[in-house]
Amino acid sequence: MATLDYYTIREHIPAPIVLPNTEPLHSIMQQIEKTGEFRILQSSLMEHGWAVDINLHDPVTPGPHIKYPHYHDFFELIYVYKGEMHTIVNQKEDILLNPKQLLLMNPDTRHVLNCNDSNAVIYNIMIQRDFVEKQLLNIIDKDYTIFHFFFHSTYHDEMIKNYLVFPIDPEMEQYIHALILEHFDRKPFYKQMVVANLILVLGQIARIHKNQVAEQNHQLIQSGKLPEILQYIQLNYATVNLASMAEQFHYSEAHLSRMIKKQTGKTFSEILSDIRFQIAENYLCQSDLGVETIAEMVGYQNVSNFFRNFKQKYHCSPKEYRSQHRASR
C-alpha cells in the first residue's frame, strides 16, 4: 500500500472497519438532551483485547460528534494525513490540525470534531486505558512529560492539561504511517507491530516535547520576571533548587530568595514544598504506587526527609493519609 488515502485504505482492508462502539443513537440523544454531551465507549476490537485500534474518518458522513461535545473511555491520537480539521476542546479552545500536527487527548477531554473538507483524510488512533495503566507506563521513561501526561490522566490529576499538541517531524511521520499500515494490512504479527510503532511514536513525541520545554525554559531565563520564575518551578519541581535556579536566571541566591518572599509571601522552599506535596497527595489517593516511589518522583532524594516533612504538614504518615482519604471516597 503506497498511500494512506481514504479509498486506498478501504480497498486494502480485509474486513470492514470497526468503528467506535458508541451508545445506541437514542441513548446518545438522551445523554445530549440531559447533559449536552455524550461518551464513546471502547471500540469492538479493544473490547476483544486489542491495545490499539484505528478509525478512519468518513469525510462525508455526519454524526453527533461534529455538533455536540463527546469524550472517550480511551486515549486518542488524532492524525490528519490530508487536509485540515478544527477540534473544539472544552467548548472554548479551537485547535486547527493539519498534517504537520498531532493531537493527543486523554479520556476526559470534551471535544467536537469539525471538518468541512470532503477530501480530508483523518485517523483516530485509540489507545486502551487499561493498556496505558498496566503496560505503557512501565515502558515510558519517567523523566519525560509524555509519562506524566499518561500517568496524571490515568489517575485523574486535575493539575495536568488534558490534551497536548505536537509538531510532526519526518521521523514521527514515518512511525505514524507504519502504525496505520500495519493495522489495516493485517500481516502476520501486526498487533505486535502496531504496539511497537506506537511506542516509537510516543518516544519521538517525548524527544520533541523535551526540546520544546528546553526552549520554554530558555525564554523564561531571559525574561527574569517573577511569574515566569514561578512557572519555571512548576515545570521543574522534581529537580529544581534555589542555587540552580539562581544560576539559571543570573541572580544571586539571596536576591532571588528576597524577591520571591517579597512578592509571594512565601519562601522558595515553601513554594516548592507546596507543589511537591500537592502532587504527592494525588499519587497517594489515586494510585497504588509505593510511598518511596512517590517521594522520588516528586523530587525527594532522601525518602526519610519526605516522611518527616509530610508528617509535619499533615500530622500523619503518607500511608495513614492514603488510608484516610481512600476510605472517605
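The numbers here are math on the coordinates, done by the rules we state, and not lab data. Note that the structure is a prediction, hence the values are computed from the model and not measured. In this analysis, Cβ positions are derived from the backbone assuming ideal geometry, glycine residues included, and neighbour counts consider all displayed protein chains.
Here the 3J(HN,Hα) profile of region 312-325, calculated from phi with Karplus coefficients 6.51, -1.76 and 1.60 at θ = phi - 60°, is 5, 7, 10, 6, 7, 6, x, 5, 5, 4, 4, 5, 5, 7 Hz, Gly and Pro shown as x.
Please give the net charge around GLY290, taking every other residue with its beta carbon less than 11 angstrom from that of GLY290, where Lys and Arg add +1 and Asp and Glu add -1.
Details: positive: LYS319, ARG322; negative: ASP288, GLU292, GLU296.
Net local charge, GLY290 excluded: -1.
Scoring 255-265, 276-286 by mean Cβ neighbours within 10 Å over their residues and listing the highest first yields 276-286, 255-265.
In region 49-154, the C-alpha radius of gyration followed by the widest Cα-Cα span (Dmax) gives 14.3, 42 angstrom. I want the local charge near ASP130. Using Cβ-Cβ distances under 12 Å, sum +1 for each Lys or Arg and -1 for each Asp or Glu among the other residues. For residues surrounding ASP130, the net value is -1.
Ranked by the mean number of other Cβ atoms within 10 Å of their residues, highest first, the peptides 175-181, 95-101, 83-89 come out as 175-181, 83-89, 95-101.
Counted by Cβ distance under 10 Å from PHE74, the other residues give a net charge of -3, where Lys and Arg count +1 and Asp and Glu count -1. Straight-line reach from LYS67: taking Cα to Cα under 21 Å and skipping same-chain neighbours fewer than 8 places apart, the lysines in range are LYS34, LYS92. For LYS82, the residues 5 or more places off, or on other chains, whose built amide H falls under 5 Å of its own are VAL121.
Backbone phi angles across region 254-262, fed through the Karplus curve with coefficients 6.51, -1.76 and 1.60 (θ = phi - 60°), yield HN-Hα couplings of 5, 5, 4, 4, 5, 4, 5, 5, 5 Hz in residue order; Gly and Pro are listed as x. Close amide H pairs (under 5 Å, H built 1.01 Å from N) link ARG39 with TYR71, residues at least 5 positions away or on another chain.
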